[in-house]
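Please treat every number below as a calculation from the coordinates, not as lab data. These figures come from a predicted structure and were not determined experimentally. Positions of Cβ are generated from backbone atoms using ideal geometry, with glycine treated the same way; all protein chains shown enter the neighbour counts.
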Amino acid sequence: MQQQAQTLAERPYRSHLRPACVPCRRRKSRCQTETSSESCLTCRAHRTECFFPDSPRAQAGAGDGRRARRSTMSMKPPRAVARTSAAPATSLVTTAGAFKLGQRHEALKAAAAPCAPPNRQAHAHEEESPLALGPAEDLHVTLHIVGPAVTNDSQVLSDYLSGIPEATRSTRMVIPESASRSRPVLFTMVQKRPLGVKANRSPSAEKLEVIEKLIEPHAGAVIDEYFNKANDCLPLLDQDSFRRQYLEDKDRISPALLACLYAHALVYWRHSRTLSCHRCPDTRFVWNLANEAVYSELHLSPGMSIIKAILLNIGGRPATSLIGNGVLLGSAVSIAHSLGLNHNPLPWKIPQSEKYLRMKIWWALLLHDRWISLAHGTPPHIARAQYDVPLPMLEYLCEGNQSEKRVRTASVFIALTSLTDVLDRHLQHVYRVGRDKSWDTANLELSLNNWVESLTGSTRLIIIRGSHLDIPGAANLRLAYLTTRLLLQRIELESDKQAYPPDEERLMNRYIQARRTSEDILMLVQELRPQQLGDFWLSVSAFAFPATVNFLLRCALETESSPAGLAQSTSFRIARDLIATLRSHQEKSGWDLADVCLAQHADVVDRVLSGMAPDEQGSGASVEVQDFVMPDASIIDQFFPSLWDPLQNVW
């Protein structure tokens, strides 16, 4: 009885002489006061000013309040008036000093309470459950009931902490009806998620988290390798701004972009002084994760970042996905057109850095589009008449005082981009539908010769003499030039075959010229050292070698008339030496660009050479060259497992 009397004494005096405070009346909540405090518990919890109707503060705003109530009551239906005037069954007391997010939510709600219309306040409090958390709080914390054994302890501590700013304890108390003898029930706030689990993680962010766990603690070194090897030769990212954002606000970087950057740079792991002494993660597994991140972000949030992620993806090594790369490239071109990257941004009133960034992305897109078109045998996605972005210049790539190495590397990129423009002329000729029998190839030869004549300095020596291969990207540039020259000579050979009657001497001259270009490719591969093998290469450069071997095998079969001559022909010798050199680079340095050619042609060349060799029993003398037929791709796949399967997306 004594405890019940004490509880009744603590209840507020329910009479018109001692009404509830104005903020509690607005909130339609129970006003519970204490003799030791001038404000009620609810106002202290909400951190609002507590004043009663007879105070000067209440009289000053009485007129405005009455006018606001008149206007809102006149617009409200009768049922709504009756419903909002009803008192809630329970009251909610929240002890201040909870989590920072909860404090911010409560402060904003309390600040907005005097300004909101009374009907909106009443309606909001009618719908809100006393045990519900706000939308911001619900992302982080939830309520957990406090056991009866510690309820009194928690209530005393909460009452004490309620008056201390920035307190780290929060409880919610549900007070029973006045006619009930039940005790109040306390709830405390607890974290909903396990420690370390982030909220609202996208699928691409989850893949990135796995990749970063695989390469820990070498993520910084992997990024350094990318900027030292790849980004200088094919500028796609601004190094200063990327590194600044990576250190200060890494979460703002696209997860797909960062995942593809890590996977793209793994090819340089074995050639790095820092990373080579550590175990490299499974490259194929990392690429699969990066590819899933790209497709997820492409579906959810396509934008400028996804274009860069796609370019890193399709330019990654080893190249093993034909259809997948084609699909991603088409998506990147479509997004680039929608973002206006095909327009010249130099006259625009935008920051200079943004102008250069837009042009760098477009140049990289052009490079991949044209060279993938040549490697995959599909027409390019970008038409020459649909963009006006200028070709790169040193002033666009080298700002301020740059080192001589940086300038020479930029010059190699400029030469590669202009060569890609020449390649586009050849591709237009190759993929043109409904052309006449007579092919005019003079303009193609002139465009390639004019490109060579426009070169100066070290880039000219790379093309003319095959020297200065120590410059980053120089070996890739020379291989690209020789590939374009071989394409031109094959076009000229097919053009001469269309003439009737065919000129045998002219055709033989075409064969010899094409064979010399193939031999130049062989000598380039033989001159490569570990420094060049670990340098930057376009991933589609791997397809230059099987195309060269294919052409050499064709030349040998079309020009030789005897088995002995076929086995000793120059074309077969070049093809055999090229296969041997590629196998040596693969075994000693793990050069991935040799994989496609070796998988497709190594066993074929070995079988052809062994079959055409002189036989001790004399059975080879009866074999005619006309009886020998090169096996097609389906038979080749029966001899050895083919690395290149266009119907299987392994990334």
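Points to keep in mind about this one:
- The calculated FRET efficiency for the pair Thr283 and Ile323, based on their C-beta separation and a Förster distance of 25 Å, comes to about 0.80.
- Karplus-derived 3J(HN,Hα), 6.51/-1.76/1.60, for each residue of the range 412-418, Hz, glycine and proline x: 5, 5, 4, 5, 5, 5, 5
- Exceedance of the 28 Å cut-off in Cα-Cα distance is limited, within the set Lys250/Lys360; Lys360/Lys405; Lys213/Lys360, to Lys213/Lys360.
- Evaluated with a Cβ-only charge set (Lys, Arg +1; Asp, Glu -1), the range 203-390 carries a dipole of roughly 460 debye about its Cα centre, given to the nearest 20.
- Note on the range 258-354: along the principal axes its Cα atoms extend 49, 31, 21 Å, ordered by decreasing extent.
- For the range 203-390, the Cα gyration tensor yields ellipsoid semi-axes of 27, 19, 16 Å (square root of five times each eigenvalue, largest first, whole Å).
- Gln32/Asp54 FRET efficiency (R0 22 Å; Cβ-Cβ; nearest 0.05): 0.70
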